[in-house]
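Data first, discussion second: the structure below is written as structure tokens.
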Amino acid sequence: MLTSLYGLARGALFAMEPEDAHEFSLRMLERGLYPRDTSADTSELTIELFGLRFPNPLGIAAGYDKDARVPDAVLGLGCGFAEVGTITPLPQSGNPRPRVFRLVGDHGLINRLGFNNGGHAAALVRLQARRPSGIICVNVGANKDSTDRAQDYVRGIETFYDVATMFTVNISSPNTPGLRDLQAPAALDDLIGRVMVARSSKMAEGKPKRPIIVKIAPDIAEDDVVPITERLLAHSVDGIAVSNTTLSRDGVRDLKRSEAGGLSGRPLFHRATVMLARVHEVTGGKIPLIGIGGIDSPETALAKIEAGASLLQLYTGLIYEGPGLISEIKKGLASAVRHAGAKNISELRARRAAEWAAKPLEG
């Protein structure tokens with residue numbers, strides 16, 4: 001039903017510029033004009049992770065609710081958790097428009113937004129005003145012109161510690177010059193070391209432990225996967241999100257493929273899933289992974305689980321399939337659990353990780 005209704009609305013949304021359609025959807029959610037998922041999440045999809053109970057493994061990836069405007073509406077759509085951001089200490093406008101491009105034939109998107117957001121202070125006010133409920137992840141980043149980017153991440157942890165359930169440290173956006181350099185082992189040691197010290201200081205004050213997730217790129221060189229994951233494990237981060245958008249244009253046919261920026265959606269699925277499986281294999285499954293990139297159906301969601309993901313995030317798939325995709329994926333995953341004779345979706349995790357890890361990155 002929701003998919004059919006979205007099919008009627010999609011034409012009007014796609015007639016708008018992508019950023020205008022994005023803003024329109026946010027305003028609808030702010031006004032409460034969205035389809036609520038009233039079905040109860042079943043025990044088949046419940047995930048116990050980081051000392052938290054996720055009613056289901058689905059979330060919307062960072063970049064949708066950059067300024068913490070609609071986290072409760074995202075939960076109302078049926079997601080098991082909501083992520084806000086990426087939020088930087090100071091407001092910034094990002095790169096010049098146009099900076100988002102639909103690749104309709106490929107079911108993809110290219111963006112070069114550049115961490116456009118209203119900054120810490122504005123987002124903090126919104127998060128403080130909400131009634132605490134559900135799992136809220138705050139995705140923190142660094143300002144483009146910062147002279148100490150690691151300190152920007154520390155400020156994010158310190159600023160949002162009392163209103164976040166967990167954090168994502170985003171060092172993988174391709175649209176802030178030099179940001180991905182923070183994934184180099186030496187820079188990563190400094191950054192994550194300082195972030196973990198900031199968390200320890202909060203815990204020393206008697207505050208609860210907030211899980212720290214590090215989001216990495218799908219374009220990491222094959223020889224760098226091991227040293228990067230080794231540094232993350234050495235610092236005892238709680239999870240790894242795999243992955244952000246890609247600079248690759250493998251398999252993209254749309255003429256807009258020449259636009260600069262990060263590619264998301266269906267063309268990203270193969271590369272991101274292979275990288276996910278490789279990270280799972282390298283870490284020996286010792287650390288939970290969030291699978292992101294190209295999820296637009298129950299089948300692609302299940303593939304991420306089978307490649308090693310414990311949680312999932314989607315975004316571009318919602319643009320093309322509509323909000324009904326969330327309930328469709330949950331139904332599909334629950335059906336897969338029953339078909340496998342299992343009791344919970346976690347039992348299906350990584351059962352095809354070795355197979356996916358052996359594939360080439362270019363599909």
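The values are calculated or read from the model by the stated rules, or taken from the named source; none is laboratory data. Note that this is a predicted model, so its numbers are computed, not measured. Cβ sites come from the backbone with ideal geometry, for glycine too, and all protein chains shown count toward neighbours.
Structure summary
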| read-out | value |
| --- | --- |
| Any chance P298 is more than 30 Å from E19 (Cβ to Cβ) and surrounded by fewer than 21 Cβ atoms within 10 Å (Cβ to Cβ) | no |
| Yes/no for L361 being touching a residue at least 60 places away in the same chain (Cβ under 8 Å) and closer than 19 Å to C137 by Cβ | no |
| Meets criteria (surrounded by fewer than 17 Cβ atoms within 10 Å (Cβ to Cβ), out of contact with any Pro (no Cβ under 6 Å at 6 or more places or on another chain) and in a helix (DSSP H, G or I)) for V279 | no |
| Among residues of region 257-271, those that are crowded, with 18+ Cβ neighbours inside 10 Å and within 26 Å of G85 (Cβ to Cβ), counted | 10 |
| Identity of the residue in region 324-339, crowded, with 24+ Cβ neighbours inside 10 Å and either of a type in the set (A, V, I, L, M, F, W, C) or in contact with a helix residue (DSSP H, G or I) (Cβ under 8 Å, 6 or more places away or on another chain) (or both), that ends up nearest to R36 (Cα to Cα) | I326 |
| Checking V274 against (1) assigned to a helix (DSSP H, G or I); (2) hydrophobic (A, V, I, L, M, F, W, C); (3) crowded, with 17+ Cβ neighbours inside 10 Å; (4) out of contact with any Gly (no Cβ under 9 Å at 6 or more places or on another chain), the condition it does not meet | (4) |
| Residues that are hydroxyl-bearing (S, T, Y) and either over 20 Å from the mean Cα position of the chain (by Cα) or under 14 Å from A68 (Cβ atoms) (or both), drawn from region 134-159 | S146, T147, T159 |
| Top-ranked residue in region 25-81 [being of a type in the set (K, R) and touching a Gly at 6+ places or on another chain (Cβ under 8 Å); ranked as nearest to R338 (Cα to Cα)] | R36 |
| Close pairs from region 30-55: first farther than 15 Å from L311 by Cα and modelled with pLDDT under 95, partner among the hydrophobic types (A, V, I, L, M, F, W, C) and in a loop (DSSP other than H, G, I, E, B), Cβ under 9 Å, at least 6 apart | Y34/V70; Y34/L77; P35/M1; P35/L77; R36/L77; D37/L77; D37/C79 |
| Pairs where the first residue, in region 300-327, is over 23 Å from I287 (Cβ atoms) and touching a residue at least 60 places away in the same chain (Cβ under 8 Å) and the second is assigned to a helix (DSSP H, G or I) and not hydrophobic (A, V, I, L, M, F, W, C), C-beta under 6 Å, 6+ apart | G322/T3; G322/Y6; G324/T3; L325/G317 |
| Selection within region 328-358 - at positive phi and in contact (Cβ under 8 Å) with a residue 60 or more places away in the chain | A350 |
| Residues satisfying the stated conditions in region 25-48, i.e. surrounded by fewer than 19 Cβ atoms within 10 Å (Cβ to Cβ), under 21 Å from A301 (Cβ atoms) and among the hydrophobic types (A, V, I, L, M, F, W, C) | A40 |
| Matching entry among I305, I290 (being touching a strand residue (DSSP E or B) at 6+ places or on another chain (Cβ under 6 Å) and either closer than 20 Å to I47 by Cα or outside any helix (DSSP H, G or I) (or both)) | I290 |
| G363 modelled with pLDDT under 95 and out of contact with any strand residue (DSSP E or B) (no Cβ under 9 Å at 6 or more places or on another chain) | yes |
| Test: residue in region 124-139 that is assigned to a loop (DSSP other than H, G, I, E, B), crowded, with 20+ Cβ neighbours inside 10 Å and either among the acidic types (D, E) or in contact with a Lys or Arg (Cβ under 9 Å, 6 or more places away or on another chain) (or both) | yes |
| From V163, V197, V225, residue being β-branched (V, I, T), surrounded by fewer than 21 Cβ atoms within 10 Å (Cβ to Cβ) and at pLDDT below 95 | V225 |
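Each row is one residue, and each column tells you yes or no for (1) in contact with a Gly (Cβ under 7 Å, 6 or more places away or on another chain); (2) more than 30 Å from F101 (Cα to Cα); (3) without any contact (Cβ under 8 Å) to a residue 24 or more places away in the chain.
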{"residue": "E205", "(1), (2), (3)": "no, yes, yes"}
{"residue": "R210", "(1), (2), (3)": "no, yes, no"}
{"residue": "I213", "(1), (2), (3)": "yes, no, no"}
{"residue": "L232", "(1), (2), (3)": "no, yes, no"}
{"residue": "A241", "(1), (2), (3)": "no, no, no"}
{"residue": "R249", "(1), (2), (3)": "no, no, yes"}
